[in-house]
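The values are calculated or read from the model by the stated rules, or taken from the named source; none is laboratory data. For clarity, every value in this text was computed on a predicted model and none was experimentally measured. Quick reminder, even Gly has a Cβ in these numbers, built from the backbone with ideal geometry, and neighbours come from all protein chains shown.
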Amino acid sequence: MQREYIRKGKQPGKHEHIAELQRRQIDAKHFFINCAFIAAGVLVAAFGLKGFLMPSSFIDGGITGISLIISNVSSISVSLLILILNIPFMLLALSTVGRQFAVKSIIAITLLAIAVHFIPYPVVTHDKLLVAAFGGFFLGLGIGLAIRGGAVLDGTEVMAVYLNKKFSLTVGTVILIFNVFIFLSAAYILSVETALYAILTYFAASKTVDFIVDGIEEYIGVSIITDKPEEVRLAIIENLGRGCTLYMAKNGFAPRGELLKDTEVVYTVITRLELSKLKNEIDKIDIKAFVIMNPIFDAKGGMVKKKPLRKLRQQGKREEEITKNGR
């Protein structure tokens, strides 16, 4: 930013310096958080591989699954295969996703290969069901943490994004087709039993990734169309302790030529645990209200991740009482 001012023949003022410093602090904070997520993801994923899957000759989906299959039928180490097989997909990521993402992913995959090769993780169990379930869990946990850090530990997602742009296939469909091919190959090369356990491992890993990336706490966006928007707004703020937004709309259900009635729509974001209480509050105000609910993967800012207003008031009262008693 300072360079832009110099090019324009101006000197940055005090406010510009402060804003630039704040931006750099935010960038540094996100950088260290992302590094922590990626490092934790690498260590956890390596534990899932060496502590569960590799000692029992089990596999997973994606490039990791291919690496495990080849390693089981040859003398090539899994760590080397993970590194080599992901190279084409990381090069693809440079043009498909972006340079920063590709660099982070290359570093993450390299660290995963190093961790798998050098860190002596203990073998936890040889029970096939536990290996499939918890091996998939820890592998999915590691992948999810790496994704939260802005990287991937497997190039399958990059390929899926690329094919999604080229063809009409969705990312989920591409990954499913790719993994079906891997599981069929495992059934032919290894055994049908191994392929079946691999499917269980894959589902355990994919569900864990969903929880980590999308959040364990599910959020719901609720749009409320009612004749009493002010009462609904107050109920959301006072009884649920959540924020809301009102925006103007028109009631479209009217005959041709008739003027459309103006109305206000109340929009709020709550957790699924609060949905029942919100419905109850709406019914008490306007049982004929039209309510639309949509799932939301995650939410940032606002009141949804803060303490409800009522709890804040109660906490404030308790602090006041403690202060008075202390005096």
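I189: surrounded by fewer than 20 Cβ atoms within 10 Å (Cβ to Cβ), among the β-branched types (V, I, T) and closer than 30 Å to D27 by Cα, yes or no? So I189 does not fit the description; no. Checking each residue in region 219-245 for being under 27 Å from the mean Cα position of the chain (by Cα) and surrounded by 16 or more Cβ atoms within 10 Å (Cβ to Cβ) picks out Y219, I220, V222, S223, L240, G241, R242, G243, C244. Restricting to region 112-130, and then to whatever is part of a loop (DSSP other than H, G, I, E, B) and not aromatic (F, W, Y), can you tell me which residue is surrounded by the fewest Cβ atoms within 10 Å (Cβ to Cβ)? Among residues in region 112-130 that are part of a loop (DSSP other than H, G, I, E, B) and not aromatic (F, W, Y), the one surrounded by the fewest Cβ atoms within 10 Å (Cβ to Cβ) is P120.
Conditions tested, residue by residue: (1) of a type in the set (S, T, N, Q); (2) out of contact with any His (no Cβ under 8 Å at 6 or more places or on another chain); (3) without any contact (Cβ under 8 Å) to a residue 24 or more places away in the chain; (4) outside the structural domain of F181 (by TED's automatic domain parsing).
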position: F203; (1), (2), (3), (4): no, yes, no, no
position: S223; (1), (2), (3), (4): yes, yes, no, yes
position: K228; (1), (2), (3), (4): no, yes, no, yes
position: T245; (1), (2), (3), (4): yes, yes, yes, yes
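Per this entry, Y267 is counted among residues that are in contact (Cβ under 8 Å) with a residue 40 or more places away in the chain and not assigned by TED's automatic domain parsing to the domain that holds L176.
Look at (1) modelled with pLDDT under 90; (2) surrounded by fewer than 19 Cβ atoms within 10 Å (Cβ to Cβ); (3) touching a strand residue (DSSP E or B) at 6+ places or on another chain (Cβ under 9 Å) and you find that M248 fails only one, number (1).
Exactly one residue out of A133, A102, A93 is over 24 Å from A204 (Cα atoms) and in contact with a Leu (Cβ under 9 Å, 6 or more places away or on another chain), and it is A102. Can you tell me how many residues within region 215-233 are under 10 Å from I285 (Cβ atoms) and either modelled with pLDDT under 85 or in a strand (DSSP E or B) (or both)? The qualifying residues number 1. Against the test of being within 21 Å of T201 (Cα to Cα) and in the same structural domain as I175 (by TED's automatic domain parsing), the options Y121, Y162 yield a single qualifying residue, Y121. When only residues in region 58-68 that are under 18 Å from G155 (Cα atoms) and in contact (Cβ under 8 Å) with a residue 60 or more places away in the chain count, which is surrounded by the fewest Cβ atoms within 10 Å (Cβ to Cβ)? So, considering only residues that are under 18 Å from G155 (Cα atoms) and in contact (Cβ under 8 Å) with a residue 60 or more places away in the chain, the one surrounded by the fewest Cβ atoms within 10 Å (Cβ to Cβ) is I66.
Each row is one residue, and each column tells you yes or no for (1) assigned by TED's automatic domain parsing to the domain that holds T208; (2) surrounded by fewer than 24 Cβ atoms within 10 Å (Cβ to Cβ); (3) charged (D, E, K, R); (4) within 20 Å of L196 (Cα to Cα).
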site	(1), (2), (3), (4)
I38	yes, no, no, no
F47	yes, yes, no, no
S56	yes, yes, no, yes
I106	yes, yes, no, no
T110	yes, yes, no, no
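Looking only at residues of region 93-104 that are more than 14 Å from V161 (Cβ to Cβ) and free of Cβ contacts under 8 Å to residues at least 24 places away in the same chain, we find that the one that is surrounded by the fewest Cβ atoms within 10 Å (Cβ to Cβ) is R99.
Considering region 252-264, and only residues there that are of a type in the set (D, E) and free of Cβ contacts under 8 Å to residues at least 24 places away in the same chain, the residue that is nearest to N294 (Cα to Cα) turns out to be D262. Across region 69-92, the number of residues qualifying as touching a Ser or Thr at 6+ places or on another chain (Cβ under 7 Å) and crowded, with 18+ Cβ neighbours inside 10 Å comes to 8. Kindly check whether there is at least one residue in region 152-169 that is in a loop (DSSP other than H, G, I, E, B), in contact with a Phe, Trp or Tyr (Cβ under 7 Å, 6 or more places away or on another chain) and under 21 Å from I106 (Cβ atoms). Checking region 152-169: at least one residue is in a loop (DSSP other than H, G, I, E, B), in contact with a Phe, Trp or Tyr (Cβ under 7 Å, 6 or more places away or on another chain) and under 21 Å from I106 (Cβ atoms).
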